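> Just dropping this structure here.
The values are calculated or read from the model by the stated rules, or taken from the named source; none is laboratory data. These numbers come from a predicted model, not from an experiment. Because the Cβ atoms are built from the backbone with ideal geometry, glycine has one as well, and the counts that use them run over all protein chains shown.
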Amino acid sequence: MKYDKLVRDKIPEILKSKGVGFLTTNVSGQKYKQKLYDKLNEEVDEYLESKEIEELADIFEVIEALCFVNNTTLKDLFKIKQDKQKERGGFKDGIVLLKTD
């Protein structure tokens, strides 16, 4: 099977232990970022289809990697989130904007 997608770091080790043949390559820089964007879309699609909490964990894993490649931390990301929530609120109340004048 052909994949050309980003996989978790231990996947080659797991495949090897199962006797599965495989070929991998490593990417960096902009190509790595693009693979992370692709993986984020993949994981979001999987979550929307399955509604499984494990898929949210996968999304979070990709977000953590995106923080790393953008030279930031989860702590920084959560600070930005908290600031936005303080200023504009969150999404807990289920408010849907229908129209403005």
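> Which ones in region 6-36 are in contact (Cβ under 8 Å) with a residue 24 or more places away in the chain and in a helix (DSSP H, G or I)?
Tyr32, Lys33, Lys35, Leu36
> Next question. If a residue has to be in a loop (DSSP other than H, G, I, E, B) and surrounded by fewer than 10 Cβ atoms within 10 Å (Cβ to Cβ) to count, how many in region 80-101 make the cut?
Qualifying residue count for the region: 11.
> Right, something else. Can you name the residue in region 10-50 that is among the acidic types (Asp, Glu) and more than 16 Å from Ile63 (Cβ to Cβ) and is also farthest from the chain's Cα centre (by Cα) among such residues?
Per the stated criteria, the residue is Glu13.
> Also, quick follow-up: Of the residues Lys51, Lys5, Lys18, Lys33, which is of a type outside the set (Val, Ile, Thr) and in contact with a Leu (Cβ under 8 Å, 6 or more places away or on another chain)?
Lys33
> Would you check if there is a residue in region 76-96 being of a type in the set (Asp, Glu) and within 13 Å of the chain's Cα centre (by Cα)?
no
> Test Phe68 against the criterion of being in a loop (DSSP other than H, G, I, E, B), at pLDDT 95 or above, out of contact with any strand residue (DSSP E or B) (no Cβ under 9 Å at 6 or more places or on another chain) and not hydroxyl-bearing (Ser, Thr, Tyr), and give yes or no.
In short, no.
> Right, here's the next one. Considering each of Leu36, Leu56, Leu77 in turn, give the residue that is within 22 Å of Asp4 (Cβ to Cβ) and either surrounded by 12 or more Cβ atoms within 10 Å (Cβ to Cβ) or touching a strand residue (DSSP E or B) at 6+ places or on another chain (Cβ under 9 Å) (or both).
Result: Leu36 is the single residue among Leu36, Leu56, Leu77 that is within 22 Å of Asp4 (Cβ to Cβ) and either surrounded by 12 or more Cβ atoms within 10 Å (Cβ to Cβ) or touching a strand residue (DSSP E or B) at 6+ places or on another chain (Cβ under 9 Å) (or both).
> Is it the case that Asn41 is part of a helix (DSSP H, G or I) and polar (S, T, N, Q)?
yes
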